[in-house]
Amino acid sequence: LFRWFNTVIIITLVTPFTDTLTNGGEYLIGAIYAIFFTETLKNPIIQLADISGTLKRHLLGPRAPDQSRMNLNFKGGYWTLAERYTELTKSMFLAYYYSAIFPQGFFFSFIELSVKYWTDKFCLLRSWAPAPRLGTQIAHFSQTYFFTGAVLLFGLISSYLWAGFPFDNACGDEFTVPSEYIGTFDFFANDGLAHSTTIEASSTSYKYCFQDMLRYRRPVAFPVSPRFGDDWMTEGQKRITGMYGLATVGLIVVAGSLWFKRTVWRFWTDFFARKYVPNGEATNVKFSELNDRGYEAYGYVPQVTVPGFQFPLLACDVSGLNEGLIGWNDPYEAFPYDKHNLIFDVSALVKRKDRASISGDAFEESPAFSVIKHYPPSDD
């Protein structure tokens, strides 16, 4: 949310309404273009350069005092799926939000997403460290809330932007031009340059009118309607503003219904019924046979990733577990998992485990650590 706000919304808050369509990099249109240009080039270049990773692999790694510390310099960069989702959705949100005044934003967003796709793919395969195993929760959350909300804001903000044209807070009136205003005058505009203009008796007289409907308070301009801007809108502008206003109401109803169904309604119905939906198809292939068939089949083994350690730290007793289910091993140790198991840091547990091993009794695992069991299929 902070990235979306700082990238998209804050430039609207700091830009005066009358500068919305003004040319120049310091105004709104120029700022939108600069954000797209920067996000398309700067971030991917920094990501591909991987300055920290390059220094570790080519400078610090070869000069490490031992193998273990050298391996730490070759682990790859840290990344999270949530952060990458935010980076991509930020570009889409920017294109949606300003589509009415910057329609080429969809084209810039397409280029940015394409560049980031190939950049992320390269880094994922070449320079980033393996990420934790994740499900589809982030994708479903983004689909349910972000994309629906982005389309809703697309219609809502576009209706206000269409209503605000020409963004000058000036409305023509029927009064004649006073005689003291007739003549040729020199003035300095916002660009700091001197200009000259001639006002005649037949010139149109203008008065101040507040055109930023998004900031209307009494009454609140929602939904957007031509009746709020009858003083400055053209006939075509009134038609499209009315259409956008009605479409916004429809989008709110649809988005609200979807959110209600996927949150409140689903939460309420879970008290009375659960609808199990199977995922995948039942086959005759057993889980214990996957590794033999060339597939990678790992179990859920409680472990903690700690910076500065080459391998994760196990938080359970894995002595009765098939080591192939752990997903990694230390090739430099005769017992590749004891060195990385937290239970061996507790001397009382080590003594109990040793006594159980000598006597042949079952080892009672401590509730301080996770308990994991493995029941391999029998040969019978």
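Data for the structure
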{"read-out": "Helices (runs of 4 or more DSSP H) contained entirely in the range 40-132, each with at least 2 residues that are under 30 Å from Gly164 (Cα atoms), of a type in the set (Phe, Trp, Tyr) and at pLDDT below 85", "value": "none"}
{"read-out": "Matching residues in the range 259-275 - criterion: being within 30 Å of Ile157 (Cα to Cα) and open to solvent by less than 60 Å² (accessible area, probe 1.4 Å)", "value": "Thr263"}
{"read-out": "Tally, over the range 3-55, of residues that are open to solvent by less than 50 Å² (accessible area, probe 1.4 Å) and farther than 30 Å from Gly76 by Cα", "value": "17"}
{"read-out": "Selected residue (criterion: nearest to Gln237 (Cα to Cα)) from residues of the range 172-187 that are open to solvent by 50 Å² or more (accessible area, probe 1.4 Å) and part of a loop (DSSP other than H, G, I, E, B)", "value": "Glu174"}
{"read-out": "Qualifying residue in the range 64-87 (condition: closer than 21 Å to Val115 by Cα, open to solvent by 40 Å² or more (accessible area, probe 1.4 Å) and acidic (Asp, Glu))", "value": "yes"}
{"read-out": "Criterion violated by Arg239 - all others in (1) open to solvent by less than 70 Å² (accessible area, probe 1.4 Å); (2) closer than 22 Å to Phe210 by Cα satisfied", "value": "(1)"}
{"read-out": "All positions within the range 113-132 that are free of Cβ contacts under 8 Å to residues at least 12 places away in the same chain, open to solvent by 50 Å² or more (accessible area, probe 1.4 Å) and not aliphatic (A, V, I, L, M)", "value": "Tyr117, Trp118, Lys121, Arg126"}
{"read-out": "In the range 276-302, the residues that are open to solvent by 60 Å² or more (accessible area, probe 1.4 Å) and under 30 Å from Asn71 (Cβ atoms)", "value": "Asn291, Asp292, Gly294, Tyr295, Glu296, Tyr298, Tyr300"}
{"read-out": "So Phe108, is it open to solvent by 50 Å² or more (accessible area, probe 1.4 Å) and either of a type outside the set (Asp, Glu) or out of contact with any Phe, Trp or Tyr (no Cβ under 7 Å at 6 or more places or on another chain) (or both)", "value": "yes"}
{"read-out": "Check on Thr136, touching a residue at least 60 places away in the same chain (Cβ under 8 Å), over 23 Å from Ala31 (Cβ atoms) and either β-branched (Val, Ile, Thr) or in contact with a helix residue (DSSP H, G or I) (Cβ under 9 Å, 6 or more places away or on another chain) (or both)", "value": "no"}
{"read-out": "Answer residue from the range 188-208, given it is closer than 21 Å to Pro178 by Cα and part of a loop (DSSP other than H, G, I, E, B) and is least open to solvent (accessible area, probe 1.4 Å) among those", "value": "Ser203"}
{"read-out": "Verdict on Ser225 being surrounded by 11 or more Cβ atoms within 10 Å (Cβ to Cβ) and farther than 28 Å from Thr148 by Cα", "value": "no"}
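The values are calculated or read from the model by the stated rules, or taken from the named source; none is laboratory data. For clarity, every value in this text was computed on a predicted model and none was experimentally measured. Backbone-built Cβ (ideal geometry, glycine too); neighbour counts: all protein chains shown. Surface areas here come from the heavy atoms of the whole protein model, side chains and all, with no ligands, DNA or RNA. Shrake-Rupley method; radii C 1.70, N 1.55, O 1.52, S 1.80 Å.
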